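Structure first, then comments.
Throughout, read-outs are computed from the coordinates displayed, never taken from laboratory work. What you see is a predicted model, and the numbers here were worked out from it, not measured in a lab. Neighbour counts are summed over all protein chains in view; Cβ atoms, including those assigned to glycine, are modelled from backbone coordinates with ideal geometry.
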Amino acid sequence: MKLTLGQAAKEAGISKPSLSSAIKKGRLSAHKNESGVYEIDPAELFRVYPKKQEANELDNTKSLTLTNGKNTVSLGGKDNVLDLLLAERDKLLLEKDKTIERLEQEKTDIREDLQDQKEQSKRITLLLENQSNGGGDWEKGLKSLEERIANQEKSAKEDREKAKKLTDENSKLKKNLADKEKALTEEKSKGFFKRLLG
């Protein structure tokens with residue numbers, strides 16, 4: 001008999017969002033029926049999440065409390081801690097994707113601006129080459145061109161600095177995400193007493 005997502009979450013003693021996340025990440029196999037509802041094989045469920053009564057009683061500790069000498073923080077049960085870590089990882093992944101998307105868009109905008117500036121510079125150069133030596137007007141046009149080129153170079157420099165800053169931010173975010181994933185992997189690999197005692 002197959003279990004629904006709600007039934008499976010109840011049997012495993014975890015939240016439906018956590019179970020759904022495990023399915024999406026491929027940790028747990030499940031199929032959708034014609035109605036679009038997940039059907040989970042109990043054997044597959046208990047392979048990933050052992051039955052409550054089969055788990056060690058110490059692993060079923062209802063509350064995990066951390067104390068650093070000054071502050072005491074209650075994290076809830078073991079599954080709650082892992083759920084919190086998974087939620088934090090998902091949040092960081094989403095932020096990383098948004099940052100990458102924003103950087104790509106800004107990089108495209110900078111390229112388009114530079115291309116526009118090049119084309120504008122070509123048009124101005126052609127215009128100046130076709131002008132006659134008309135004295136004051138020609139000198140004003142040349143001075144105006146020099147000012148525009150200086151402004152364009154300044155703008156391009158600012159754009160390059162901005163792009164570098166965004167790239168640095170993205171690198172920091174990736175490192176932060178890698179550190180969090182490493183910490184999560186180490187947390188999962190520790191036994192209960194190691195996690196409890198640090």
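Rounded to the nearest 20 debye, the dipole magnitude of the range 80-197 is 740 debye, with +1 charges on Lys and Arg beta carbons, -1 on Asp and Glu beta carbons, and the Cα centre as origin. With a cut-off of 13 Å between beta carbons, the residues surrounding residue 107 carry a summed charge of -1, where Lys and Arg count +1 and Asp and Glu -1. Annotation: aspartates and glutamates with alpha-carbon distance below 12 angstrom to residue 32 (same-chain offsets under eight excluded): 41. Database remark: amide H of residue 39 closer than 5 angstrom to the amide H of 31, 32, 33 (H placed geometrically; neighbours at sequence offset of 5 or more, or on other chains; Pro and chain starts carry no H).
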